[in-house]
Amino acid sequence: MICTEITKSIIYNELNKEDCVNWFDRKEKKFLHNIDTFYYSVKLNNDFRKDSPDKSCLKLRQFFNSVIDRSNFDMVIPFAVPDLDMQLNIRPFRFARFYNINIECPDLFDIFIADTVPDGADGEDSVTSEIIVQLRSYLLWQYGATKSFEYSYEAVKAICRMFNLEIFEVKENRIDYCWHSNYLQNPEKFFRIDNLVKMQVSRYKRIHYEYAFKPNEEYENDYISMGKRSDKCFLRIYLKSKEVVEQGYKPWFFKEWLFNGLINRYDYYVYEKAFLKRSWKYVDVARLEFYAEYGSKEIYREECAAIVSGEVEKSDEYISNLADKLTPRITLITNVEYQTMRKMSKSFELKFTKDNEDKAECRRIYDYLDNRYLITEYLTHSTFRLVTPEGDINKSRRDYCSFWKALRSCRMEDVKKSPKDLKLTRDYTRRMNKEIVKKRIINATITYSLYTKGINQDDVALDAADVLLMLNDNDIHTMKQVKQKRIIQLNNMLLNGPVEKTRRRYKLLDSESGELIE
């Protein structure tokens, strides 16, 4: 479906019907739900208190104290665990006071272990969990919560076997439920304070707004939060698309939104350009770049190309007005996210929809995930909801507003992706990250040339060659060390095989020996 606003742009009326559908078609008022953050805790039967005589605990302490240099936070040590075919690293780290051992599976999950836990009340056994596991959002979005938990828990069990540790129970610690949506294309108006106060029904007493100024006397309401991060439930509503662009990570969200119809190919084009610049302000310039490439009117194409290249400088307001004239505004993705902590979820009365007796110490996790629909029903009604701004004088008796009805009607299924789709997302993420690194190299190369030779008009290809030629044996040795370190730090599974064939246009020749440097 192509919305009316898009049809008003000049480029829409210049493209043929087939191209318009290709670039601008998307699903209207679409929601995409997932668990975005998942922490779980693992309680052991072993005694991890300060004066513990537990042999397994002492074995673990002795091992990690011998390999971790806590003064070197850049240290990364490969960690081989018997009977586990998984890339793990040890890093010095401190999390939530007690957890000073970090075992990571790069980009996928982190295992935090406390080598010492506090005493319980009156000298009783400690109630503090010895292990906390954080599942990264990439793993959750690509594999779903259940498979992500199972994948990480295999590592937890293998580590426990390695040190003869006995697992007592596994419980949820923190879970974030999120809804990405293209429903709101004017969130400034929808979430305006006087409008929101008429619609919101919740137990929250305070609200926090963050605004960003735009050209043409406009503004963006790009972040709203309710409660505190340490509360039982912390709510935030913000522009997810802006966050991805400015943070310069998680580019795979563009693929997720495109696959699910939240954005169209035109949005995808613009978001990619802005992402590589790590600039939300560049969105308007990227829209001009789109017109320069696909538009028909030569006078506009030339002006757009000049602005994009930097040959012509224009104010942000001028660029924004020109972009609005020539191209549609991009589709905004809003995220509604509930951050729930265990001090809230432990009070949930779970319905046992499946028999999870065979899950042993992990039964709580499976029961909890099986109740996902009921939990989100509770969150989106009792914790915070949006109702119609007019009606019954008692807001709590009003019906949900259309936006909230659509959110609550969103399909909730654990992620299921084919190996082909997983590879497509993985390769796309690598390509985007590669382009970011490439841009850093380009900028650093020119900066190096200016610092080394002063203001100069040398050919930029010569500048690039100079950077390579200045390397000495020590530099090459350092590069080898860095490469080995980065191989350890990055996930081998996600970097398996070349994402594209390397093309070398130039070769280096030693000017003294005439030897070709491969």
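Mind listing just one residue for me: the one in region 1-16 that is polar (S, T, N, Q) and surrounded by 12 or more Cβ atoms within 10 Å (Cβ to Cβ) and, of those, nearest to Gly261 (Cα to Cα)? Before you say what the answer is, go through the steps one by one.
Going residue by residue through region 1-16, those that are polar (S, T, N, Q) are 4, 7, 9, 13, 16.
Then keep just the ones that are surrounded by 12 or more Cβ atoms within 10 Å (Cβ to Cβ); that gives 7, 9.
Working: Thr7: 18, Ser9: 21 Å.
So, considering only residues that are polar (S, T, N, Q) and surrounded by 12 or more Cβ atoms within 10 Å (Cβ to Cβ), the one nearest to Gly261 (Cα to Cα) is Thr7.
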For this session: Only one of these is more than 30 Å from Arg397 (Cβ to Cβ) and surrounded by fewer than 20 Cβ atoms within 10 Å (Cβ to Cβ): Lys214, Lys205. Name it.
Result: Lys214
Exercise. When Cys304 is evaluated against the numbered criteria (1) crowded, with 21+ Cβ neighbours inside 10 Å; (2) within 30 Å of Lys189 (Cα to Cα), which criterion, by number, is the only one it fails?
Worked result: (2)
Exercise. Being surrounded by fewer than 18 Cβ atoms within 10 Å (Cβ to Cβ) and within 24 Å of the chain's Cα centre (by Cα), is that true of even one residue in region 338-360?
Worked result: yes
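What number of residues within region 100-122 are free of Cβ contacts under 8 Å to residues at least 24 places away in the same chain and surrounded by 21 or more Cβ atoms within 10 Å (Cβ to Cβ)? Give the derivation first.
Residues of region 100-122 free of Cβ contacts under 8 Å to residues at least 24 places away in the same chain: 102, 104, 112, 120-122.
Remaining after also requiring surrounded by 21 or more Cβ atoms within 10 Å (Cβ to Cβ): 104, 112.
Going through region 100-122 one residue at a time, the tally reaches 2.
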For this session: Just give me the residues in region 164-174 being surrounded by 18 or more Cβ atoms within 10 Å (Cβ to Cβ) and outside any strand (DSSP E or B), in sequence order.
Result: Leu165
For this session: Considering only region 244-264, state which residues are touching a residue at least 60 places away in the same chain (Cβ under 8 Å), over 17 Å from Arg329 (Cα atoms) and not aromatic (Phe, Trp, Tyr).
Result: Gly248, Lys250, Pro251, Lys255, Glu256, Asn260
Problem set entry | Condition met for Pro92 (out of contact with any strand residue (DSSP E or B) (no Cβ under 6 Å at 6 or more places or on another chain), surrounded by 15 or more Cβ atoms within 10 Å (Cβ to Cβ), free of Cβ contacts under 8 Å to residues at least 60 places away in the same chain and farther than 24 Å from Glu154 by Cβ) | yes
Exercise. Asp222 is checked against (1) assigned to a strand (DSSP E or B); (2) at pLDDT 90 or above; (3) crowded, with 19+ Cβ neighbours inside 10 Å and fails just one. What number does that condition carry?
Worked result: (2)
For this session: Scan region 194-210 and give yes if some residue there is within 24 Å of Ile263 (Cα to Cα), in contact with a helix residue (DSSP H, G or I) (Cβ under 9 Å, 6 or more places away or on another chain) and aromatic (Phe, Trp, Tyr), otherwise no.
Result: no
For this session: Name the residue, out of Phe168, Phe253, Phe163, that is touching a helix residue (DSSP H, G or I) at 6+ places or on another chain (Cβ under 6 Å), among the aromatic types (Phe, Trp, Tyr) and outside the structural domain of Arg329 (by TED's automatic domain parsing).
Result: Phe163
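Can you go through Tyr153, Tyr177 and tell me which one is modelled with pLDDT of 95 or more and in a strand (DSSP E or B)? If you could, list the steps in order and put the result at the bottom.
Values: Tyr153 fails: in a strand (DSSP E or B).
Within the list Tyr153, Tyr177, the selection yields Tyr177.
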Exercise. What helices (runs of 4 or more DSSP H) completely inside region 380-492 contain at least 1 residues that are at pLDDT 75 or above and surrounded by 11 or more Cβ atoms within 10 Å (Cβ to Cβ)?
Worked result: 402-408, 419-453, 460-469
Exercise. Considering only region 261-297, how many residues are in a loop (DSSP other than H, G, I, E, B) and under 24 Å from the mean Cα position of the chain (by Cα)?
Worked result: 8
Exercise. Is at least one residue of region 421-433 without any contact (Cβ under 8 Å) to a residue 60 or more places away in the chain and more than 25 Å from Thr334 (Cβ to Cβ)?
Worked result: yes
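The values are calculated or read from the model by the stated rules, or taken from the named source; none is laboratory data. Predicted, not measured: the structure shown is a model, and the values here were computed from it. A quick note on method: Cβ atoms are made from the backbone with ideal geometry, for glycine too, and the neighbour counts reach across all protein chains shown.
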